[in-house]
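*Asks:* Quick one: structure below, then a few questions.
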Amino acid sequence: MLSLSKVELALALALASILLVSCSIIIPGKENDQKEQLMQQYLDQAESHRAEFNYDESLIYLKKALQIKPNNSEIIYKIGLVYGIKHGQEGNSTIIGGRRNQQGRIKRHPESSYIKSVRYLKKAADMGHVQARQLLRALHNNIQHLDVKY
């Protein structure tokens, strides 16, 4: 039977630990690639549903992509756009190229598509997304929304 001294055993354990750590470093890289691929699939699905005017499904896939990359300003911007389009489809004037509000400020439900759109666009603009900032400026100029100052 093979007997190992305490030093040899300690070295063997250290070597085994190093191998385990190195394997765990390699695996997350593959996991990140899989997450990137999954996120891209979600974004493709979202775009496909948006092109078919199925905005609720598009939002579902955009939010799934956002769960993978929570600080991605482009995804946040796209969610804001889809909520804005959805707002227009609900019989309201769309925030994209909207019209001036002649009757003063309208109180909107906090969970309306309009409010969600502005919330996501603000977040994207705060993260430095140029198009979100430009859209919010246009929104402010078109309908004089008091909460939108970009």
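The values are calculated or read from the model by the stated rules, or taken from the named source; none is laboratory data. Please read these numbers as outputs of a predicted model, since none were measured by experiment. Backbone-built Cβ (ideal geometry, glycine too); neighbour counts: all protein chains shown.
*Asks:* Within the stretch 119-142, can you find the residues that are buried (at least 18 other Cβ atoms within 10 Å of the Cβ) and at pLDDT below 90?
*Replies:* Once the filter is applied, which keeps residues that are buried (at least 18 other Cβ atoms within 10 Å of the Cβ) and at pLDDT below 90, the stretch 119-142 yields L135, L136, L139.
*Asks:* Keeping to the stretch 49-84, report how many residues are more than 22 Å from L136 (Cα to Cα), among the polar types (S, T, N, Q) and modelled with pLDDT of 95 or more.
*Replies:* Adding up the residues that qualify gives 1.
*Asks:* Still on this structure, I have one more. Kindly check whether there is at least one residue in the stretch 6-18 that is exposed (fewer than 12 other Cβ atoms within 10 Å of the Cβ), at positive phi and modelled with pLDDT under 65.
*Replies:* No: the stretch 6-18 contains no residue that is exposed (fewer than 12 other Cβ atoms within 10 Å of the Cβ), at positive phi and modelled with pLDDT under 65.
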